[in-house]
Amino acid sequence: MATALTRPRCDRDNVIQTSYALSDLIAKKLKPHIEGEFVKECIVKAAEELSDSKWLCDLAFMVDITKYLSELNVKLQGPNQLLSSLLSHVKSFEAKLKLWKVQLERSNTVHFPTLQEQNPSTTDEYAGECAKLIEAFSERFKDVKSKQQELNIFATPFNVEPADVPDNLQHEIIQLQSDDELKARYNNLSLLEFYRRYVSADDFPILRRHALKYASVFGTTYCCEQFFSKLTLAKSRLRSRLTDANLENQLRVASSTVPPNITRLAKEKQFQPSH
């Protein structure tokens, strides 16, 4: 049986049927599209063709769930995001999906306002769609979740149980957790700043290497996508004589987070002598 998220034939048939009805109306009337009353008649005809309550409920559910997915997508974008925080966003969304599934099984559409306006007779089908999304997320992120314990050591070192961490980290975790001053610093600084300032290679060599390992992991392809966008802007059809060396230098400057010292660079250049 077709479902709300996987029913292209039904939706396509609806659109085709509506397009045919409008085309037939235009052909019979032989009126220009800019005539007000005729446009109104076409809109009414389209509304009649697309007035199927089940189709509208499916569309409303799609609107709501797509909005939530788009919000998650925005949270997973942007520079300087750690893998631990990205995984937290994913786990939060999975928890929401489980809540929505239970609520939709009980015909509760409180978190689906567009669907709620349609007042569907049953929402079991949409609960099934949430279950499919839960399964899809679980499969897609299972590799990252297998590193959950190691990520916890990195992101929340004061909350892990020393007995649960690898043997080579146990003593350093105990030493870290026993230091109240470090705990206060941890609560008042960003994670990377805390490791940079207070987890030294002398006192915590193994923990520091562990932190460097997970701080350097690219959680998303955002940097790559941003780089290719800059490449497209730099190498346009209007700059066909741009050499590979110049392009490389431009992209290095465009993608670098180091601010240029314009004053110093200018001093190193010879001014144009007067003739």
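A few remarks follow.
- Separation in nanometres of the label points that stand 7 Å from Cα toward Cβ, at residue 152 and residue 67: 3.5 nm
- Ranked by the mean number of other Cβ atoms within 10 Å of their residues, highest first, the peptides 212-221, 103-112 fall in the order 103-112, 212-221.
- Value of relative contact order over region 53-119, rounded to a whole percent, pairs C-alpha under 8 Å and six or more apart: 56 percent
- Value of relative contact order over region 158-225, rounded to a whole percent, pairs C-alpha under 8 Å and six or more apart: 26 percent
- Zone of residue 261's modelled label, taken as backbone nitrogen in region 169-210 under 12 Å from a point 7 Å along Cα→Cβ: none
- Value of relative contact order over region 54-191, rounded to a whole percent, pairs C-alpha under 8 Å and six or more apart: 22 percent
- Links that overshoot a 30 Å alpha carbon limit, given the list 101/213; 91/183; 145/235; 147/230; 91/235; 75/213: 101/213; 145/235; 147/230; 91/235
- Percent accessible area from carbon and sulfur atoms, region 57-202, protein chains only, probe 1.4 Å: 49 percent
- Förster radius 45 Å - calculated FRET efficiency between residue 52 and residue 140 (Cβ-Cβ, nearest 0.05): 0.85
The values are calculated or read from the model by the stated rules, or taken from the named source; none is laboratory data. Just so it is clear, the structure is predicted and the values come from calculations on it, not from any experiment. Every residue, glycine as well, gets a Cβ built from its backbone with ideal geometry; the counts of neighbours run over all protein chains shown. The protein model used for the area step is the full one, side chains on, heavy atoms only, and it has no ligands, DNA or RNA in it. Shrake-Rupley method; radii C 1.70, N 1.55, O 1.52, S 1.80 Å.
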